[in-house]
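Enquirer: Okay, handing you the structure first.
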């Protein structure tokens, strides 16, 4: 993928911002976080430390910044960065409505310009985790973290993308894309719901990258669609996502 993903993805998220206002309002109002497209409960995943008092935290590709809000409520000093001014406008409105103290920056999560070793915790849920090349945004996360700091990210499982037709039709029990050399997908020309350019890696590709950057894997989890879901969401039919993993979460430690 050689296209200008930054411009493409910024334009997609600016145009789509009105469609995410209601979701932002729902997620900002939650007392307990829910994760991913199917609302996996924080009680099961533990993506965030229970007490973040005194911690400096950053959300990379924060969008409407509900994850940033959840961290602030746990006591962290939080910075959120996103390339989309339209998404950040919603984030700022919500922060004002909830009187939540966040530092929100319009910028590139691959090159934030923030000081080295200035954070204890970095997180991305469907932000930089899928919309930025992993070798770039994870290198930036490593630079921003203090020694021993934690990076957590949640995004598409590679199998869910490989099983999705190039047209953008829902996942099938068929491998539509090669796994060897897999780096993500360009959805801008999809016939169904065209959108941005997303990034991913094979399982071994992730491990090689983490080792090269200086991250140790503390934990990994594959997520399936909950049993109560019956509809198709985010191009994944419920019956498919109950048999195959649809999302993945990595917990990394800066060594």
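Read-outs throughout are calculated quantities, based only on the coordinates presented, and are distinct from any laboratory measurement. Quick caveat: nothing in here was measured; it's all calculated off a predicted structure. Heads up, the Cβs are rebuilt from the backbone with ideal geometry, glycines too, and the neighbour counts pull from every protein chain shown.
Enquirer: Quick one: order 136, 144 by neighbouring beta-carbon count within 10 Å, fewest to most.
Expert: The most exposed by this proxy come first: 136, 144.
Enquirer: Something else: What is the range 39-154 by shape, rounded, prolate or oblate, if you read a ≥ b ≥ c off the alpha carbon gyration tensor as root eigenvalues and call it rounded for a/c under 1.5, prolate for a/b larger than b/c, and oblate otherwise?
Expert: Note, shape of the range 39-154 comes out rounded.
Enquirer: Moving on to the next point. I need the shape label for the range 131-255. Rule: rounded when a/c is under 1.5, else prolate if a/b > b/c, else oblate, with a, b, c from the alpha carbon gyration tensor.
Expert: Prolate, since a/c reaches 1.5 and a/b exceeds b/c.
Enquirer: Evaluate 2.2 N^0.38 Å with N set to the residue count of the chain, then give the Cα radius of gyration divided by it.
Expert: Compared with the compact-globule rule of thumb, the chain sits at 0.95.
Enquirer: Which of the peptides 120-127, 188-195, 5-12 is most tightly packed, and how do the rest follow, judged by the mean count of other Cβ atoms within 10 Å per residue?
Expert: Result, highest mean first: 120-127, 5-12, 188-195.
Enquirer: When ranked by the protection proxy of mean other Cβ atoms within 10 Å per residue, highest first, what sequence do the peptides 218-231, 52-65 form?
Expert: 52-65, 218-231
Enquirer: Calculated FRET efficiency, residue 43 and residue 23, Cβ-Cβ r, R0 30 Å, to nearest 0.05? Mind showing how you got there, number by number?
Expert: Values: r = 21 Å, r/R0 = 0.70.
So the FRET efficiency works out to roughly 0.90.
Enquirer: For helix 5-16, what angle does its Cα long axis make with the longest principal axis of the chain, in degrees from 0 to 90 and rounded to 10?
Expert: 90 degrees
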